[in-house]
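The values are calculated or read from the model by the stated rules, or taken from the named source; none is laboratory data. Note that the coordinates shown come from a computational prediction; the quantities given were computed from them, not determined experimentally. Note that each Cβ is placed from the backbone with ideal geometry, even for glycine, and that neighbours are counted across all protein chains shown.
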Amino acid sequence: MNSAPAIATQLDLLLHLGCALIVGGIIGIERERQRHAAGLRTHILVSLGAALFVLIPIQAGLPSQDWGQLSRVIQGVVTGVGFIGGGVILHQPRRTDQHLVAQGVTTAASIWLAAAVGIAAGMGLWLLAILGAGLGWVVLSQFKALERWIHR
């Protein structure tokens, strides 16, 4: 059975993790600017952690083309991040006009996105990671005006 080559150098590892840090930061900057509880550091840590979880089996010699094993790792990351996102949502309920209003849903979604771009960075899918983070930033920073326009 062939093994996938481990990432060869420490520089390669630094590039994967550095990319995860940057793309997580791109998303987190906007949340920090809006003063949300999950801001810059949270998004960077989620992205970096997701990249590490993907890199661990690769570095350990995951058999090549064994997408089932890698898929299980990714599923575990997504599930774990779902709990973090759920905590963000449940942490901020508020009563308005006799209705319970969920808050933090967008922040929870941005945490989920940070994990996704971290996974992409960990797997060396640079363009996908950067495009995902960039588009996420556009949605978070620019679409608020569109929402206001729709609600008028």
For this session: Report, by residue number, each residue of segment 24-50 that is part of a helix (DSSP H, G or I), under 13 Å from W112 (Cα atoms) and of a type in the set (A, V, I, L, M, F, W, C).
Result: I27, I44, L45, V46, L48, A50
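Name the residue that is modelled with the lowest pLDDT, counting only residues in segment 37-47 that are crowded, with 21+ Cβ neighbours inside 10 Å and either under 18 Å from I89 (Cα atoms) or among the aromatic types (F, W, Y) (or both). First the steps, then the outcome.
If we filter segment 37-47 for residues that are crowded, with 21+ Cβ neighbours inside 10 Å, which is where we start, we get 38, 42-44, 46-47.
With either under 18 Å from I89 (Cα atoms) or among the aromatic types (F, W, Y) (or both) added as a condition, the list becomes 38, 42-43, 46.
Details: A38: 86, T42: 91, H43: 94, V46: 93.
Of everything passing the filter in segment 37-47, A38 is modelled with the lowest pLDDT.
Could you look through segment 51-63, keep only residues that are over 16 Å from V117 (Cα atoms) and not in a loop (DSSP other than H, G, I, E, B), and pick out the one that is modelled with the lowest pLDDT?
Keep residues of segment 51-63 that are over 16 Å from V117 (Cα atoms), which gives 56-63.
Subset that is not in a loop (DSSP other than H, G, I, E, B): 56-59, 63.
Values: I56: 86, P57: 84, I58: 82, Q59: 83, P63: 66.
Per the stated criteria, the residue is P63.
Can you spot a residue in segment 138-146 that is crowded, with 23+ Cβ neighbours inside 10 Å and either out of contact with any Cys (no Cβ under 8 Å at 6 or more places or on another chain) or within 12 Å of S47 (Cα to Cα) (or both)? If you could, list the steps in order and put the result at the bottom.
To start, the set of residues in segment 138-146 that are crowded, with 23+ Cβ neighbours inside 10 Å comprises 140.
Going one step further and asking which of them are either out of contact with any Cys (no Cβ under 8 Å at 6 or more places or on another chain) or within 12 Å of S47 (Cα to Cα) (or both), we end up with 140.
Yes, because at least one residue in segment 138-146 is crowded, with 23+ Cβ neighbours inside 10 Å and either out of contact with any Cys (no Cβ under 8 Å at 6 or more places or on another chain) or within 12 Å of S47 (Cα to Cα) (or both).
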Exercise. Which fully enclosed helices (runs of 4 or more DSSP H) of segment 64-152 have 2 or more residues being under 19 Å from L48 (Cβ atoms) and modelled with pLDDT of 90 or more?
Worked result: 105-122, 126-151
